[in-house]
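Written below as structure tokens is the structure these notes are about.
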Amino acid sequence: MKLRSPTLEGFRAIFRRPLFGLAEIAWRWSFGGAASLLLVFTFFEYLDTLPVSKSDLFLLRTRQPALISRAVLHIFRGSSFRVVETAIVLVLALGFAWVVTVSLGRAATLNALLAYFRESDVSTSDHKEKSWRLRSLFGLNLLRFATTLAAAVGCVAAILLGAAVSRPTDPAPGSALLIILTVTVLVWLAWSTLNWFLSLAAIFVVADGHDTFDAIAAAVELCQTRPGSVAAAGTWFGLAHVTAFVIASSVVAFPLGFAAVLPTGVVLGGVLLITMLYFAVTDFLYVSRLAAYVAIAEMPEPPVKPEIAQPPLLDGGNDVESDTLSRPAVDASELILSDIPAST
């Protein structure tokens, strides 16, 4: 069977079946919309708990920046503990909801992609239905959530470390900025690598019925056995993502350029529309990359070309190589190599 490019198969899958991308958009945007509404509702509920006295209202109505800031500080004084409590509850609630939502959504997407490739001539597996458990996906996504929390804690620690280096008595803003950027970049690299492996491992949960840790091991093995295909797919889809970002950043400048002429609502609507289109394109690219990884897992490994031994050269029907090996390396009859002096 003629081998195909997994990257092209990923693009071909999303063009032939755009419902894959629409399904990804459906569950991602549903969770995003619900989380945004919850955050907005929580923010307004938090504002309702803040006491506002008549003197604070008087200062706010003066429209003087110094008086307004003093009133705001007085209003928010003593509410930091409630902010921390609210943040913890929101993070845990949204994290649990995200784990459930992404597990169900990823299971549906991977089942559809596997059915698509196994119905075509790309896959060479036995095509047998393999039982798998949803709790394995829950375990992978719980690990992703835990690594995200750890990365957030690492970024906060970087900020605190930078603040500790640059003190009011001995300011060192350059050193503090260098420490913050270095630690943040290292944390981001570690988080993105772990998150990528955990996302890739979900393929082997649905395709082969592995549990959480066996799926992670299978993902690592895939990267070891097929590094070229995996790297090529990630590179091409990464370039496509960067291209989409550059185009969206350029297009969004048009409504912002007419901000002095058009109404504010029209400008914000244009920016929001372009942003949503960009997010839709990135979701399609994500599903395409996932399809490419599924194709790599389902496609056979490229055959290794055996080394062809060179046949011995024939000279008039005689085996030159065997004749050469049978002859001695040194001719004893040569006078220059003889131990006996020649007679005169």
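Expressed in Å, the radius of gyration and Dmax of the Cα atoms of the range 6-300 are 24.1, 76.
The dipole here belongs to the range 6-300: it is taken about the Cα centre, uses +1 on the Cβ of Lys and Arg and -1 on the Cβ of Asp and Glu, and is about 760 debye.
Considering only the other residues whose Cβ falls under 12 Å of the Cβ of Leu50, what net charge follows from Lys and Arg at +1 and Asp and Glu at -1?
Neighbourhood net charge equals -1.
Values in this text are rule-based calculations from the coordinates and carry no lab data. None of these values were measured; they are calculated from a predicted model. Every residue, glycine as well, gets a Cβ built from its backbone with ideal geometry; the counts of neighbours run over all protein chains shown.
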